[in-house]
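Enquirer: Handing you a structure now.
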Amino acid sequence: MESRAGKGQLGRPAGVSKQDIREQIWDYMESQNLADFPRPVHHRIPNFKGASRAAEHFPRLQAFKMARTIKVNPDAPQKNARFLILNSKKTLLVPTPRLRTGLFNRITPPPGATKDILRKCATSQGVRNYSTPVGLDARVLVDLVVVGSVAVSEKGWRIGKGEGYADLEYAMMVSMGAVSQATPVVTIVHDCQVVHIPEALLEDHDLTVDYILTPTRVITTGCERPKPRGITWSKISYEMMGKIPILRSLRSREQQAGKDVTLQDEHRRLLETRSQQTAPPGAVRRPWDPAPRESGSVQGEDVTSDTVYVGNLPWDTRVSELKRALRELGAAPLRLTWQGPRHRAFLHYPDSASAQQAVSCLQGLRLGANTLKVALARQQRANDPGGSRAGELHPDPYPTI
């Protein structure tokens, strides 16, 4: 069954960029009515007619038979693959939506689940109702990975929908020690999605595949190109760090291990900060200039929308206690300004959305006998104009958690 296959059915030549190829696939599937709900398939991992039939090849792979724990993306074309994993009594892991609350959820069907219930567990609703999060310290070993694709070549080159989550998820699994270069990767696509992809389009962080399942074929790619060897931090932005809390934890671990974890825009931000520090007194900051982020950023009019005020700290609280609580709640900032003698601290996040999310997450947080006051620093200053002015601050660098 595992054979090398012929040409894909897409009639037009491959484009010169990944986006060209995506557009061609999406347009072709819609025009030929090959797409299935949800439609249109543009900007999605396309669901297609025959996806369930393609997944039926999955249990016949030797890699499936040997696997105990399988990670599958939550895309619609993989629904039957998820059911087949559960029906085979194997452990099914799915990534959390957009990685906002962690990396994996384990699907745990109720005792005595029928096939109908298992099919529900394999849907997005089932993922919500029958899953439990898997922590970073769970020491998960993944034996087989299933990813969605927009396009794939017989050589194993893969193109996703352009957001990079599948590549990042795999890199994070490498960082966790959950997968290795020997872990097989499978994708499930329509025959028309198997096209020529120039190798020049591939980058080091792009995930390749070992098996391609279509409604009519099983393609063993024999791909020898190395898979990602971990997170390429130079591709990660501060904005992404703010959106994906687990990235902060992984970065902290790798930093402590002595790895280079310099972010994509870190050098630029350092230059911007130094520029703000060396600006002459009274200099006017233009609206498009970045807000200052060092100690002055919590004084007077310079408090920015990405700064969170934490007040009512107990007099004997240590900064390490606050940091630990922030990490446990997934609200660790990029930097923390500590003002223990004034019973408060300021948390600096990569953007205002991350700061607002932290405010919501930290409501009701207690340290010792005190319930902390948490608010956006600007709002706190407006409510208490004298209370949020720092005087002389003592910044406590809090890089990457």
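Enquirer: Applying the selection to segment 149-164, what residues are among the small types (Gly, Ala, Ser) and part of a loop (DSSP other than H, G, I, E, B)? Explain how you work it out, then say what you get.
Expert: Taking segment 149-164 as the starting set, the residues that turn out to be among the small types (Gly, Ala, Ser) are 149, 151, 153, 156, 160, 162, 164.
The answer is SER149, SER153, GLY156, GLY160, GLY162, GLY164.
Conditions (1) modelled with pLDDT of 90 or more; (2) not small (Gly, Ala, Ser); (3) not in a strand (DSSP E or B), marked per residue:
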| site | (1), (2), (3) |
| --- | --- |
| TYR170 | yes, yes, yes |
| SER234 | no, no, yes |
| GLU239 | no, yes, yes |
| ILE246 | no, yes, yes |
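Enquirer: Also, quick follow-up: Determine if segment 88-95 includes at least one residue that is under 22 Å from PRO46 (Cα atoms), assigned by TED's automatic domain parsing to the domain that holds HIS190 and either among the acidic types (Asp, Glu) or free of Cβ contacts under 8 Å to residues at least 12 places away in the same chain (or both).
Expert: Looking for residues that are under 22 Å from PRO46 (Cα atoms), assigned by TED's automatic domain parsing to the domain that holds HIS190 and either among the acidic types (Asp, Glu) or free of Cβ contacts under 8 Å to residues at least 12 places away in the same chain (or both), one finds none in segment 88-95, hence no.
Enquirer: Here's a follow-up. Restricting attention to segment 1-36, which residues are part of a loop (DSSP other than H, G, I, E, B) and at pLDDT 90 or above?
Expert: Within segment 1-36, the first condition is being part of a loop (DSSP other than H, G, I, E, B), and the residues that meet it are 1-2, 4-17, 32-34, 36.
SER17, GLN32, ASN33, LEU34, ASP36, listed by residue number.
Enquirer: A further question on this structure: Given the options VAL179, VAL174, VAL146, VAL142, name the one that is modelled with pLDDT of 85 or more, within 17 Å of the chain's Cα centre (by Cα) and assigned to a loop (DSSP other than H, G, I, E, B). Spell out how you get there, then give the answer.
Expert: Numbers: VAL174 fails: assigned to a loop (DSSP other than H, G, I, E, B); VAL146 fails: assigned to a loop (DSSP other than H, G, I, E, B); VAL142 fails: within 17 Å of the chain's Cα centre (by Cα).
Being modelled with pLDDT of 85 or more, within 17 Å of the chain's Cα centre (by Cα) and assigned to a loop (DSSP other than H, G, I, E, B) holds for just one of VAL179, VAL174, VAL146, VAL142, which is VAL179.
Enquirer: Taking segment 40-79 on its own, how many of its residues are closer than 19 Å to CYS192 by Cβ, part of a helix (DSSP H, G or I), out of contact with any Gly (no Cβ under 7 Å at 6 or more places or on another chain) and not hydroxyl-bearing (Ser, Thr, Tyr)?
Expert: The qualifying residues number 5.
A quick yes/no check of all residues on (1) hydrophobic (A, V, I, L, M, F, W, C); (2) more than 26 Å from ARG53 (Cα to Cα); (3) in contact (Cβ under 8 Å) with a residue 24 or more places away in the chain:
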residue: ARG106; (1), (2), (3): no, no, yes
residue: PRO111; (1), (2), (3): no, yes, no
residue: LEU118; (1), (2), (3): yes, no, yes
residue: THR123; (1), (2), (3): no, no, yes
residue: LEU136; (1), (2), (3): yes, yes, yes
residue: VAL145; (1), (2), (3): yes, no, yes
residue: LYS155; (1), (2), (3): no, no, yes
residue: ALA178; (1), (2), (3): yes, yes, yes
residue: THR183; (1), (2), (3): no, no, yes
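The values are calculated or read from the model by the stated rules, or taken from the named source; none is laboratory data. This is a predicted model, so every value here is computed, not measured. Cβ sites come from the backbone with ideal geometry, for glycine too, and all protein chains shown count toward neighbours.
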